[in-house]
Amino acid sequence: MTLAHRLATARADVTLIEAGPSLGGLAGAWQLDGLTWDRFYHVILQSDVALRSLLAELGLEHDVRWVRAKTGFYTDGRLHSMSNVIEFARFAPLGAWDKLRLAATILRTVHLRDWRRLEDVTVADWLVRLSGERTFAKIWRPLLCAKLGELYRDTSAAFIWAVIARMYAARRSGLKTEMFGYVPGGYAHILGRFEEHLREQGVHIVCGCPVASVGRGAQRRVRMTWQDGRADEFDRAVITAPAPVAAAMCTELEEPERACLRNVTYLGVICASVVLDRPLAGYYITNITDDGLPFTAVIEMTALVNRAEFGGRTLVYLPKYLPTDDPAFALPDEQIETAFMAGLERMYPAFSRRSVRCLRIARARYVLPLPQLGYSRRMPPRVTSQPGLYVVNAAQIVNGTLNVNQTVELANAAAAALAAQAGVDPFLGAPVA
Ligand SMILES: Cc1cc2nc3c(=O)[nH]c(=O)nc-3n(C[C@H](O)[C@H](O)[C@H](O)COP(=O)(O)OP(=O)(O)OC[C@H]3O[C@@H](n4cnc5c(N)ncnc54)[C@H](O)[C@@H]3O)c2cc1C
């Protein structure tokens, strides 16, 4: 959407094609017990400069509500608050020396000038070296497994650099508690306004229309074939679907290019949205370091979003991050629900299944392209061998954690490069010197 917006500003004639019934992809919304809210949990950080500036263009920046959110840890069978330095100092599961090393690890990582040095070290080696075996086993390994599963073993230390840098940037105020933001109405509201804006700019939006293949058309044009067999031609096309999907779609690219796209390892997610009658524990995010729970964190959205938005109810997300080909993606909803309910009962003795008003399970196989060792040297390029065909997606975020801000940055940069070829400024629509 950002790319379409920038290119339309640069006076290109843009068609935006989406497979799903509505725009938004992973940031899209759905219905829960009469509520409309994000299918996957989303927050905005104060350091999300590109996103905030896009929201300003849409007239929404002043609507963002900033909230001091609490963070919890579920460790050794109980919940611990970990929202500020004092609580960190009191965190009983780690000794004083381990805590010092943990704090030093965070500072050392965040102040590292050149993240590229970390690309050739595994995240496990880096964290053991800085924090020690004990803290790695107690805190880092469970957190890495929670986010990456066993794939953490192949992930480079650039990943933890990006995670820490993003969270550290969010903790620059007051008692160093995190300030998280959201727009009332959630992403549904942002996307609705954005879609309206795109239509005003003359962008032609086509939803519910999966592209089956992209190949060469007449006179160096790009030919798109839809799943129903119809076809259309465009001067240029930018594919923003995940890299393996782009590989399958772009059938006329050279084999090494398709292999480069296909070989990006993605992490997927199964995520339950649960609407409850009453709050759970009041932490926006609870990191889980104990083994044996069916989900990898608990996100209590209403610790951030005013409960009045949800008619006084509580909205909780239970994510489980998995490799794209994990058989759990095929499990029926009921089986996931049963396991997740048992997980909540174990963590929160006061939780009762009777308080559940609604539960829906979302699945996404392509969420986070993993920064594996040396990733930036083999990531898929934006320009392809087919004239007029470009690929722009999260697989080109080399030092990030995947968030809307970085997606917007990526689109801004891609629009600038594409518009430069046409001699216009994508932000102003004016000719460039
Ligand atoms: C569980 C979870 C939590 C998150 N939390 C946050 C957060 O707190 N803060 C934050 O900023 N970000 C968060 N994100 C990340 C954010 O949602 C993504 O960074 C962003 O939405 C990625 O956008 P994208 O356009 O690159 O990819 P996608 O959203 O994946 O978009 C790709 C689009 O391509 C379409 N497509 C695929 N194949 C075809 C085809 N054949 N034809 C036509 N269209 C096709 C898809 O339908 C989709 O709409 C979270 C994501 C998840 C999953």
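The values are calculated or read from the model by the stated rules, or taken from the named source; none is laboratory data. Everything numeric in this text was worked out from a predicted model, so none of it was measured. Here the Cβ positions follow ideal geometry from the backbone for every residue, glycine too, while neighbour counts run over all protein chains shown. Protein only, heavy atoms only, side chains kept; ligands, DNA and RNA dropped before computing areas. Shrake-Rupley method; radii C 1.70, N 1.55, O 1.52, S 1.80 Å.
So the values come out like this:
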{"item": "Radius 14 Å from Cβ of Arg101, net charge of other residues (Lys, Arg +1; Asp, Glu -1)", "result": "+3"}
{"item": "Average accessible area per residue (Å²) across the stretch 266-369 - probe 1.4 Å, nucleic acids and ligands excluded", "result": "39 Å²"}
{"item": "Chain lengthening between Ala417 and Arg307 when straightened (0.36 nm per residue, less Cα-Cα)", "result": "35.3 nm"}
{"item": "Where only C-alpha atoms are counted, convex hull volume of the stretch 376-433 per residue in Å³", "result": "101 Å³"}
{"item": "Viscosity 1.306 mPa s, temperature 10 °C, Stokes-Einstein D of the stretch 1-61 from Kirkwood C-alpha radius, µm²/s", "result": "115 µm²/s"}
{"item": "Surrounding net charge for Glu133, when Lys and Arg each add one and Asp and Glu each subtract one, Cβ distance under 11 Å", "result": "+4"}
{"item": "Directionally averaged projected area (convex hull, Cα atoms, the stretch 303-433), nm²", "result": "13.6 nm²"}
{"item": "Hydrodynamic radius of the stretch 193-342 per Kirkwood, over alpha carbon pairs, in Å", "result": "19.5 Å"}
{"item": "Debye-sum result for the stretch 266-369 in log10 I(q)/I(0), which assumes one identical scatterer on each alpha carbon, at q = 0.14 Å⁻¹", "result": "-0.53"}
{"item": "Solvent-accessible area per residue, Å², over the stretch 85-176 with all protein chains present [probe radius 1.4 Å]", "result": "51 Å²"}
{"item": "Three-way shape label, the stretch 120-245, alpha-carbon gyration tensor, a/c 1.5", "result": "oblate"}
{"item": "Accessible surface of Trp66 - all protein chains present, 1.4 Å probe, nearest 10 Å²", "result": "70 Å²"}
{"item": "Distance-filtered residues of the stretch 150-167 - backbone nitrogen under 17 Å, label point 7 angstrom along Leu331 Cα→Cβ", "result": "150"}
{"item": "For Arg117, solvent-accessible area (1.4 Å; no DNA, RNA or ligand), Å²", "result": "140 Å²"}
{"item": "Arg382-Gln201 FRET efficiency (beta carbon distance; Förster radius 22 Å; 0.05 resolution)", "result": "0.45"}
{"item": "Karplus 3J(HN,Hα) series, Hz, for the stretch 352-364 with 6.51 cos²θ - 1.76 cosθ + 1.60 (x for Gly, Pro)", "result": "10, 4, 5, 7, 7, 8, 6, 9, 10, 10, 10, 10, 9"}
{"item": "Net dipole in debye of the stretch 66-132 [+1 Lys, Arg Cβ; -1 Asp, Glu Cβ; about Cα centre; nearest 20]", "result": "240 debye"}
{"item": "Heavy atoms of Val85 accessible to a 1.4 Å probe, total area in Å² rounded to 10", "result": "90 Å²"}
{"item": "Percent antiparallel among DSSP beta bridges (both partners in the chain, rounded to 5)", "result": "85 percent"}
{"item": "His42, His5, His189, His111, reordered so the largest accessible area comes first (probe 1.4 Å)", "result": "His111, His189, His42, His5"}
{"item": "Projected label distance in nm at Glu254 and Ala56, using a 7 Å step from Cα toward the beta-carbon", "result": "4.3 nm"}
{"item": "Mean projected area (nm²) of the alpha-carbon convex hull when the stretch 85-176 is viewed from all directions", "result": "5.9 nm²"}
{"item": "Helix-only CD estimate at 222 nm, as mean residue ellipticity for the chain, using -39500 (n - 2.57) per DSSP H run (n ≥ 4)", "result": "-9000 deg cm²/dmol"}
{"item": "Ranked packing of 309-320, 332-343, most packed first, by mean Cβ within 10 Å", "result": "309-320, 332-343"}
{"item": "Label-point separation in nm, Arg216 to Ile106, each point 7 Å along Cα→Cβ", "result": "5.5 nm"}
{"item": "Carbon and sulfur %, accessible surface of the stretch 266-369 computed with the full protein complex present, 1.4 Å", "result": "48 percent"}
{"item": "Descending Cα extents along the principal axes, the chain, whole Å", "result": "68, 49, 43"}
{"item": "Amide N proximity, the stretch 291-316 versus Ser352 label position 7 Å along Cα-to-Cβ, cut-off under 20 Å", "result": "312-316"}
{"item": "Cα Rg, Dmax, the stretch 47-129, angstrom units", "result": "18.0, 49"}
